[in-house]
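In what follows, a single structure is set out as structure tokens and then discussed.
The values are calculated or read from the model by the stated rules, or taken from the named source; none is laboratory data. None of the values given here were measured: they were computed from a predicted structure. So basically every Cβ, Gly included, is an ideal-geometry build from the backbone, and we count neighbours across all protein chains shown.
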Amino acid sequence: MNNLLETNITYLKGVGPKRADLLKKELDIVTYEDMLNYFPFRYVDKSKFYKVRDITTDTTWFQLKGKVSNVTPVGDKRTKYITATFTDDTGSIGLVWFRGLQWVKNRFQPGKEYLIFGKPSVFKGRFNFVHPEVEDVIDGEPLIQGNRLEGIYRTSEKMKNMGLGTRSIARLMKLLLAQVIEVIPEPLPDYLTKHYKLLSAKQAYMNIHFPESPEIIKEAERRLKFEELLFLQLQMLKQKINIQQKIRGRVFSVVGSFFNDFYHHHLPFTLTDAQKRVIKEIRLDMKSGKQMNRLLQGDVGSGKTLVALMSVLIALDNGFQAAMMAPTEILATQHFHSITTMLQDMDVEVGLLTGSTKKAQRKIIHKRLKEGKMQLLIGTHALIEDTVEFQNLGLVIIDEQHRFGVAQRARLWKKNSLPPHVLVMTATPIPRTLAMTVYGNLDVSVIDELPPGRKPVKTLHFFDNNRLKVIGFMRDQIKKGRQIYVVYPLINESETLDLKNLMDGYEQMQRDFPLPEYQVSVVHGRLKPEDKEYEMKRFVEGKTDIMVSTTVIEVGVDVPNASVMIIENAERFGLSQLHQLRGRVGRGTDQSYCILMSGHKLSNEGRKRLEIMVKTNDGFEIAEADLKLRGPGDMQGTRQSGMLEFKIVNLAKDGLLVTETRTIAQKILDKDTNLELPENNRLKRKLLDLTKHKANWGRIS
Ligand code: ADP
Ligand code: MG
């Protein structure tokens, strides 16, 4: 990497140590290069001048030249806001400020011309500008940057107070570009820029910050996104190749009596074709002599647990131990119960290790593991604590639910000299683009089929004032012998409030569904484990009709007779959570229902989420919609993964480019795995740089 670009930003004229500190804190900008890679998030067109009479709602931004008069502070004792009149030769329009009042009072001189720039809003049937940008007119060259299109940079309140508003950032950027433009390296080979008609790196940086035209902004963005994604894919694919070429895996050569006994005598149903196919893929990996790194995707209820279990049995058949890691204690416990039930007639020692496992029990588990007597350990991340030692760990299954970070996965790796095979399962499907990036170094298996006989769950949305209808419906269903879940949101910020909502709901429920005709149970996180168990058991055994609970059942019980899921304040749940909850019903043969309750006041996004839930049962479709709605930054778990800190790419929008660059990267590496051809020189250098500068993900997963 070029030395000049590595210069600390503090040395840029106009920055200095204090601002450098703030840039580091707020934007993680340390070097010239970091600064260059801080891009505007939108642009405003200052090439056009308008007249007051041109103002309509059709155009969003207007630049006007004229005089400012009638600067009037409004408010009794203290000024609350300031109004003024702006006039040109076609008419006048109001200006309003609510902040920076002191500055406004002294800003304007009578008779002098100013440029104002802003978005008109309508107040009492008239247009006015709230907080317009104001510029002096100097020698007919009014714009700070002399450019027509001005990039707007995101800044924070703190930064503005330190003189680092968007204008100042632009000024610094201009200075910086002038200094470094000649040394900005070109990491893409000519054959790529030519074939894909990409701007050069220099052109791209110039134009992303100071565009010459609206069209070229798109070009600059495309070029920079292409570069960012291409190198990500090259890294991901190289890691994959490395693992395949260099890292030996334990060879699971046989399928033996554990697997066969289970398959022939204890399997409660026939496997779906998809399950069979995926088990085959896993089996091939595990006997290949290479380490398996596979992502298992499948919709809620598609039977991932069974696939996991059968993979475990293959490990056991080959004399290895297996571990299964879940993100929460409840989920780990749930896995433990369902797996020990499925294995009850077989001779397999299964342990459960979570944060609340008692010390004495823990000791026994440690001992049994080390001696190789315990064959399968299920648990939370307590499982990756250093004291846990396996005698012969051969397979690790991570029920990811998007919560295990890459770093945590890496710790498992160290538990053994030869790495175990790794199978990562997601709780609900994730979008393809996300799979290709966050999990781009894994192979992917998809269960794209639900077990037979499942009727799609009918999903309905009701507003709270239609509750009576819903209650009538619930009574009907109970009369038919069905059971019902009623779920309240659990939002960590205010556990007390959440609990109160739940208990209020429970009491209401007891009034709407009085004894002895109806039985209602309640489960929430504050109950003692014994009480929770007791209440759950009553519901599972069909002794109660309704179970009121917090989201604990999201990952909890499996009750085929429960055919109605009512979700209160549904607008407060995320899409994948709603989908996961809905997956709790529809497991039996009866028609099932999911009823989403909400108030009338819905945010745009909240309303869309509910619409999507009503529209589709397909988890893959929901995942895509979720990504579009929220953007990748908010996707569960991606934040922790640390992999999605893109400089310019937006996964929600750039899906096509993800696929395209993945194909290109694959082609390049197919032809030149170690990037030794002269034409790939630049790629090789940049990749080396990236591995030097960033954490090395190569030995992970
Ligand atoms: P998920 O993929 O959401 O983890 P599970 O593994 O919990 O799904 O399976 C959901 C339900 O479907 C369980 O009750 C399980 O016993 C059942 N199941 C799994 N595979 C089959 C199958 N092939 N046929 C019928 N039921 C199945
Ligand atoms: Mg599951």
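Being of a type in the set (A, V, I, L, M) and away from ligand 1 (no atom under 15 Å from the Cβ) is the filter; apply it to segment 280-312 and report the residue that is farthest from Thr270 (Cα to Cα). Lay out the reasoning, then the answer.
So in segment 280-312, the residues of a type in the set (A, V, I, L, M) come out as 282, 284, 286, 292, 295-296, 300, 306-310, 312.
If we keep only those that are away from ligand 1 (no atom under 15 Å from the Cβ) too, we end up with 284, 286, 292.
Values: Leu284: 21, Met286: 23, Met292: 26 Å.
Among those residues, the one meeting the criterion is Met292.
Across segment 288-342, what is the number of residues that are within 16 Å of ligand 2 (Cβ to nearest atom) and not in a helix (DSSP H, G or I)? Spell out the reasoning first.
Here is the first cut: in segment 288-342, the residues within 16 Å of ligand 2 (Cβ to nearest atom) are 295-312, 324-342.
Checking the rest, the ones that are also not in a helix (DSSP H, G or I) come to 295-303, 324-328.
Qualifying residue count, segment 288-342: 14.
For segment 424-441, what are the residues that are within 13 Å of ligand 2 (Cβ to nearest atom), assigned to a loop (DSSP other than H, G, I, E, B) and closer than 21 Å to Ala323 by Cβ?
Thr426, Ala427
Among the residues of segment 329-344, which ones are within 14 Å of ligand 1 (Cβ to nearest atom) and either among the hydrophobic types (A, V, I, L, M, F, W, C) or in contact (Cβ under 8 Å) with a residue 24 or more places away in the chain (or both)?
Within segment 329-344, Ile330, Leu331, Ala332, Gln334, His335, Phe336, Ser338, Ile339, Met342, Leu343 meet the criteria.
Please go through segment 6-44 and pick out each residue that is touching a Gly at 6+ places or on another chain (Cβ under 9 Å), assigned to a helix (DSSP H, G or I) and surrounded by 18 or more Cβ atoms within 10 Å (Cβ to Cβ).
Arg19
Output the number of the condition that Leu596 fails; it satisfies all remaining conditions of (1) part of a helix (DSSP H, G or I); (2) modelled with pLDDT of 90 or more.
(1)
Which helices (runs of 4 or more DSSP H) does segment 144-238 wholly contain that include 2 or more residues that are in contact (Cβ under 8 Å) with a residue 40 or more places away in the chain and under 17 Å from Glu33 (Cβ atoms)?
On the way: elements: 157-161, 166-180, 190-195, 201-209.
Where helices (runs of 4 or more DSSP H) fall fully within segment 144-238 and carry at least 2 residues being in contact (Cβ under 8 Å) with a residue 40 or more places away in the chain and under 17 Å from Glu33 (Cβ atoms), they are 166-180, 201-209.
Among the residues of segment 557-574, count how many are part of a helix (DSSP H, G or I) and at pLDDT 90 or above.
Step one: list which residues in segment 557-574 are part of a helix (DSSP H, G or I), which gives 570-572.
Narrowing further to those that are at pLDDT 90 or above: 570-571.
Residues flagged as part of a helix (DSSP H, G or I) and at pLDDT 90 or above within segment 557-574 amount to 2.
For Phe117, indicate whether it is closer than 30 Å to Lys218 by Cβ and not in a loop (DSSP other than H, G, I, E, B). Steps first, answer last, please.
Numbers: closer than 30 Å to Lys218 by Cβ: yes; not in a loop (DSSP other than H, G, I, E, B): yes.
Criteria met by Phe117.
Filter segment 413-423 down to the residues that are modelled with pLDDT of 80 or more and in a loop (DSSP other than H, G, I, E, B), then identify the one that is farthest from ligand 2 (Cβ to nearest atom). Spell out how you get there, then give the answer.
Taking segment 413-423 first, the residues modelled with pLDDT of 80 or more are 419-423.
Applying the additional criterion that residues be in a loop (DSSP other than H, G, I, E, B) yields 419-420.
Working: Pro419: 25, Pro420: 21 Å.
Here the residue is Pro419.
Mind telling me which of the residues Leu296, Leu316 ends up being farther than 30 Å from Gly453 by Cα and modelled with pLDDT of 90 or more? Full working, then the answer.
Details: Leu296 fails: farther than 30 Å from Gly453 by Cα.
None of the others qualify; the one that does is Leu316.
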